[in-house]
Amino acid sequence: MCEQFSVTELEAYLDESLAVERMAAIERALRGRPDLIQRLAEINARRDCGVHTIGEIWRRRHIGVPTRDELSQYLRGALPHDHAAYIRFRLATLECRYTAANLRDIQSQRGEAPTSAAARRRRFYDSSVEQLGE
């Protein structure tokens, strides 16, 4: 039985915005399915003519991807509950590669896992205590 892929999935595949596992499944299927190659060619032809779907525009323009500032606030626990839930949805359900990559990058720049506010204040104090001239 051949696995079926939606137009949305194929568009996301072309944009390299699918979850890694799903992209690999499409690539495996492409090896033995000329009909799937034809579908991708048709999608590309439609794109070349300037016809785009709403979903495709969202994916290509990264509409809905949280900004790095929002992701930093998310890591600090400073976002409203609904907004934080949206970011969790993008990470867990949508498996958004852009959101996950930005989040990993911010974490690595910060020295990995987020710290508490008290720990941050202590670090600031410790780094400036010599200049205060107690």
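The values are calculated or read from the model by the stated rules, or taken from the named source; none is laboratory data. For clarity, every value in this text was computed on a predicted model and none was experimentally measured. No Cβ is skipped: glycine too gets one built from the backbone with ideal geometry, and neighbour counts run over all protein chains shown. Surface accessibility is based on the protein's heavy atoms, side chains included, excluding ligands, DNA and RNA. Shrake-Rupley method; radii C 1.70, N 1.55, O 1.52, S 1.80 Å.
Considering only residues that are in a helix (DSSP H, G or I) and of a type in the set (Asp, Glu), which ones fall in the range 1-45?
Hits for the range 1-45 are Glu9, Glu11, Glu21, Glu27, Asp35, Glu42.
Of all residues in the range 1-35, those that are polar (S, T, N, Q), open to solvent by 60 Å² or more (accessible area, probe 1.4 Å) and farther than 20 Å from Thr99 by Cα total 1.
The residues in the range 80-113 that are part of a loop (DSSP other than H, G, I, E, B) and either without any contact (Cβ under 8 Å) to a residue 40 or more places away in the chain or open to solvent by less than 40 Å² (accessible area, probe 1.4 Å) (or both) can be counted, and the count is 8. Residue check: is Arg76 within 12 Å of the chain's Cα centre (by Cα) and either open to solvent by less than 80 Å² (accessible area, probe 1.4 Å) or modelled with pLDDT of 75 or more (or both)? Against the criterion (within 12 Å of the chain's Cα centre (by Cα) and either open to solvent by less than 80 Å² (accessible area, probe 1.4 Å) or modelled with pLDDT of 75 or more (or both)), Arg76 does not qualify. Of all residues in the range 66-79, count the ones that are closer than 30 Å to Arg47 by Cα and touching a residue at least 12 places away in the same chain (Cβ under 8 Å). Looking only at that region, the number is 2.
Sub-7 Å Cβ pairs linking a first residue in the range 43-65 that is within 15 Å of Glu9 (Cβ to Cβ) and open to solvent by less than 70 Å² (accessible area, probe 1.4 Å) to a second residue that is of a type in the set (Gly, Ala, Ser) and not in a loop (DSSP other than H, G, I, E, B), at least 6 apart or interchain, are Arg59/Ala12, ordered by first then second residue.
All conditions in (1) open to solvent by 40 Å² or more (accessible area, probe 1.4 Å); (2) modelled with pLDDT of 85 or more hold for Arg121, with the sole exception of (2).
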